Amino acid sequence: MQTYLLSQQFDTGSLAENSTACPANATICEGASCVLPEDNFNETLSIILSTVLTIMLALVMFSMGCNVEVKKFWGHIKKPWGIFVGFLCQFGIMPLTAFLLSLVFNVLPIQAVVVLIMGCCPGGTASNVIAYWVDGDMDLSISMTTCSTLFAMGMMPLCLFVYTKIWTDSNAIVLPYDSIGISLVALIIPVSFGIYVNHRWPSKAKIILKIGSIVGAILIVLIAVVGGILYKGSWTISPKLWIIGTIFPAAGYSLGFFLARVAGLSWHRCRTVSLETGMQNTQLCSTIVQLSFTPEQLELMFTFPLIYSIFQLLFALLILGGYRVYRRHRVKTKTDVEKTEEKEDSKSTSSHAKINGGFVSNETK
């Protein structure tokens, strides 16, 4: 166990009279210096929270699987046009956007690399939760998240090799294939159980889905808060990275929606592709950054994945709020139109009845 030296001046007389002047948890106490064990509170808190968040995430993905129908899911796999559009967005638009933003803002090479790592990461699981709340295509959402995580095994090294050449040797970046594999397993297993439950017990699956969607919303906010608490000492970084962290997710959402619409996808699938494009696996990005760079380099850009995570969540909530307002207005407008039509029909029926001696047919009653 690492220890640190706490220097403290003691009065010799008082030390002789009071032997408890040295802290009780000191491992060594000689004269004016006491050696204390390192405070592992932050590390312990991180482990506990990671365990809790992992369990919550598994439950959320299980509940999201309860909204997936086997036939529709298999239909996306057999005719993967939507998945292909998502693939182009994920590993075409996002790395290119990261590259252009790094050039435009002329950031340091090490900072450009972390922006590119974020752009090359697969979609995050939070997109599935938001897709549910905006009435997206859940079958497409989960199949896109699964496929992008699977394709990341090969596409991440390829994209990083192509785009990071001008800044650094791509061989210097360590890709944690074990973490990518764990993410894939953590996604597939609970979703598979959810699909099975939906197939066998549809009524129970709906209840699980409602609970899971609420837990998922809480989980997204909790992850952002936890990240801010655990890494509160790392927020002093270049203003350019703050600006890129703001623009990048917004560009991902917008370009993903635009490309999906150009590809001829329906509106609810456009929303799904948009969310899958803009929402990246920021936890994977943080893992790659920690494995690849020295502590001195980390000081320059370690917080960028957290900044991106915060703004991708804020923009997702804006999309959700905008869609809910639109939906409410649309339903209200439709109801008003239907009522107006009913009034006009009743007026025409009444006048028709007067002309025809008060006869009203059974169809208009």
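When the label point is put 7 Å from the Cα of residue 69 along its Cα-to-beta-carbon vector, which residues of the range 128-145 have a backbone N closer than 12 Å? Zone members listed by number: 138-139. With both labels modelled 7 Å from their Cα along Cα-to-Cβ, the residue 325 to residue 266 distance reads 2.6 nm.
Suppose accessible area is computed on protein heavy atoms with a 1.4 Å probe; arrange 178, 139 from highest to lowest.
Numbers: 178 105, 139 10 Å².
Final ranking, largest accessible area leading: 178, 139.
In terms of packing, defined here as the mean over residues of other Cβ atoms within 10 angstrom, the peptides 250-257, 89-96, 61-68, 104-111 line up highest first as 61-68, 89-96, 250-257, 104-111.
Rolling a 1.4 Å probe across the protein heavy atoms gives the range 263-312 an accessible surface of 35 Å² per residue.
Taking 0.36 nm per residue of separation and subtracting the Cα-Cα distance, what length does fully extending residue 150 through residue 108 add? Let's see the in-between values first.
Values: separation 42, 0.36 × 42 = 15.12 nm, distance 3.07 nm.
Using 0.36 nm per residue and subtracting the Cα-Cα distance, I get 12.0 nm.
Could you tell me what percent of the accessible area of the range 59-195 is made up of carbon and sulfur, with a 1.4 Å probe and every protein chain present? Solvent-exposed carbon and sulfur of the range 59-195 make up 73 percent of the total. Computed with a 1.4 Å probe over protein heavy atoms only, the accessible surface of the range 54-108 comes to 52 Å² per residue.
The values are calculated or read from the model by the stated rules, or taken from the named source; none is laboratory data. Please read all numbers here as calculations on a predicted model, not as lab measurements. Please note: Cβ atoms are built from the backbone with ideal geometry, for glycine as well, and neighbour counts cover all protein chains shown. In case anyone asks, the SASA skips ligands and DNA or RNA and just uses the protein heavy atoms, side chains included. Shrake-Rupley method; radii C 1.70, N 1.55, O 1.52, S 1.80 Å.
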